[in-house]
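Everything on this sheet refers to the single structure shown next.
The values are calculated or read from the model by the stated rules, or taken from the named source; none is laboratory data. Here the structure is a predicted model, which is why all the values come from computation and not from measurement. Using ideal geometry, Cβ is built from the backbone for each residue, glycine included, and neighbour counts are taken over all protein chains shown. SASA here: full protein model, heavy atoms, side chains in, ligands and nucleic acids out. Shrake-Rupley method; radii C 1.70, N 1.55, O 1.52, S 1.80 Å.
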Amino acid sequence: MRISLDDSNYSDPTHSPLTPNTDQLQWLPLPQHPLFTSTTLPTASSATKNLFAWDGASRLYFWDSVNTCLHRLSLRLGDPDPTSVLAASPSKVLQIDTELNFDVQKISINRNGTAMLLFGSERLCVMYLYGRASKTDVNLICRTITVGSNAYSNGSNDIRVLQALWHPSSDTHLGILSSDSVFRLFNLAVDPLQPEQEYYLQPVESGRSRNASSVCPVDFSFGDNHLWDKFSVFILFSDGAIYVLCPVVPFGSLFKYESLLEIYNDAQTFGLKSTNSVAASNSKLAISWLEATFPELKNVETQGDSLSLFRAHAYALFDSSLVLQGPLRRVGQGGSEDSVGRSAECEGRAISFLYNLVSKDSILVTAWSGGQLQIDALADEIQPLWSVGSPPRLRVDYLDQILGLAMICESISSSSLEDLDHNAWLGNPPPLLRLAIVDLALPRRAESGYNISLFIDNLMPERIYSLHDGGIDSIVLHFLPFTSQTNGKDDTLRPPSVHPVLNTCQSGSTSEPSLCGFVSLSDSFGYSWILAVTLSQECVVLEMKTWNLLLPVSIDMEKKPIQSEGESKEREMSTIISKELLSGPKEVLIPQAPSLRSVAADSIEGRSTLHQYFKLFHETYVEYAHKVYLELKHHAPQLTKIINDQHSRLGGAQQKLLKVEEKESILQKRIDHAIEMHNSLEERLQQLRNLPCAHKKPLSKAERQYKSELDHFKEVELDALHSSVDALSARLRRHIQASKASHQQQKVPGKKICAADNQISLLKSSLEKLSLLNSENTKKVKLVESSLKNKEVSIRESSLPTV
């Protein structure tokens, strides 16, 4: 019997007596739960939603968009059947204590299961899961706070929230990436309105200009517990470029002593003692940051292993800002890829990103709107990098303790990545090793593309789930560079296996997302499940096999091949008469004797010779004939059976021939009709060929390339340009409001407020950069419009009939 926590009676210290006890609960299969059998239908939306969340133990959460509440279900995994999932009925209902005026697109639970993130495109709320009991019913009223209302909820839709994730090393820190190219880290335990850390992303180097999609972020992901990855933030931009911020650490978070000591010793051994001045300088900055953030590292020798966890202190280098490392480029990048490593097989724009740590390998998965997944692995370790001379902006208290920081993170040019052996601490971003390009083979559609979400299997990290408009697919990675090399596996260049798990396509086409929830479950016995909920609020539970998925394919060379039925019958027929009898009687060895002509027949010698010959011929031919007689007599029933079988097969063949003769007339009519239809289609085709538009010449190679550039500009660049203009407008309005407020305060007598010259200069420089980019994109748009008009005129002129 497997034990699961029953939270039906545990809500909070102020437990309501109206809550049903254990005797009143019913344990039902999850698809048959009343919550998923109701007829209430949520409103359809084109955006991808995930309204499921799991705390990693026994509690499943589902957001009800119609009733605007959160359902908490107690689960029993693998009880009584190892493959079953039971849920307690009725479920516990958690209600927010404020009015929610936005559509929830995703929910996410923090590490210790005490807070739930309600994610919307314009607003964010955090719902604490242990509240007070309601006076009218058995529901729980949970305290709900708004996150970053000063930045995202200003009454306009200019700044959108692109992604929000809980930090894996903290229970109270929330990372948010917005459309104004700013990554913010909030500490909900201190101030949910003002961010603790702000990083203004500048992927384009100063003095250079690139496409608008290269400055528009799309998604981000935190690193996992591996060397410097635990302090890294991976950011994906619309053109597929991946950048890294390192180090980023939440103030007050806890980290393991062993992992910190490993990177501390690595910086001292390979960086500080390096003969290269650049490597020594970079490692010195990293060591100073580690010693200031974790002061216990200085006294490791005296303290020993007394401390297992170190708390991160608030610290920032006063004269340096983080470098936006990237874009990450592929090792041996070929001519079929662009400057950011995008392969020719990938279509559309980048839409989602996933970081996955499998043993010693850091896997990066990028999803494209055309239905492709780009899977890469880091070929080298991530290392921190600062830009000296760019001081951050700090917010301190009266004791000069850092409360928050903000900095501009710009990308810098890096050297070549040819020599990976001497690349440590030189400031170069880690290269990527391309593992595979997975095409999900989704039906093509003429809209903006697909929305693809990526998830990791809780039990087997080598398996990745992709949730898209057509259903759910499973991708299992078999080749991992460092892990396979360490384990001695010979899986070199073995492609990943892709399996469709759930198909929601009807008649081979997709229009809108049909799923609004997905979660992966697992238990300690090695069983794994996935849960999905449809727009009609129907729950689907599927057991996922985990054993033998990563084993290589083995072939038994000693196993005999399987014979067909015809071959076995031929072998049986060939053994009806033995080979010994078919070869005939044995050769007669005539004994050596004098010539028979010199011996009289009635003499003693003649009689003995004749007797000897007669005995020899009798043993040879008479015994052979007797064996043949017995063999034929023994196999007579079997021969009769074979003959009868042949007669029956002959009768069946004759009946089939009769049926074919009967259908011959029908087939002849169908053939005549097909020939008539073919002739009619040929006549219509000839008439269409005679039309004046049919003589239009096909596009040349340069024209096709130009057309593809126009399509890319229409699908990707225009959206990115609009997003940049919206972000610029929002920043301009904020600057105007701040300037008006400062002027009003200056008019008050007795108060003298100094203008923040440094902030104004930085804002002006950023406005100048954005205006320059906007003007260049405007010129490109005008050039495209003029070329399109010229193309239309030329097509019209060529389509006119010649006199």
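Here are the numbers for the structure shown:
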| item | result |
| --- | --- |
| Calculated from backbone phi, Karplus (6.51, -1.76, 1.60) coupling profile of segment 175-188 in Hz, x at Gly/Pro | x, 10, 10, 10, 6, 8, 6, 10, 9, 10, 10, 9, 9, 5 |
| Efficiency of FRET between GLU291 and TYR706 - r from beta-carbon atoms, R0 35 angstrom, step 0.05 | 0.05 |
| Length gained when the stretch SER308-ALA625 is fully extended (0.36 nm per residue, less Cα-Cα span) | 104.6 nm |
| Within segment 61-75, backbone nitrogen closer than 15 Å to the virtual label 7 Å beyond the Cα of LEU28 toward Cβ | 72-75 |
| Inter-label distance, nm, simple model (7 Å from Cα along the C-beta direction), LYS641/ARG734 | 9.0 nm |
| Gain upon complete extension [LEU399, LYS284; 0.36 nm per residue less C-alpha separation] | 38.7 nm |
| Efficiency of FRET between ARG670 and ARG649 - r from beta-carbon atoms, R0 45 angstrom, step 0.05 | 0.90 |
| Assigned charges on the beta-carbon of Lys, Arg, Asp, Glu; segment 91-201 dipole about Cα centre (debye) | 380 debye |
| Residue-span extension gain [PHE525 to ASP81] - 0.36 nm each, minus C-alpha spacing | 158.6 nm |
| Cβ-derived FRET efficiency at R0 51 Å, GLU538 paired with SER390, nearest 0.05 | 0.40 |
| ILE412 paired with GLU785, simple spin-label distance in nm, labels 7 Å along Cα-to-beta-carbon | 4.2 nm |
| Accessible surface, 1.4 Å probe, highest first, among residues ASP645, ASP64 | ASP645, ASP64 |
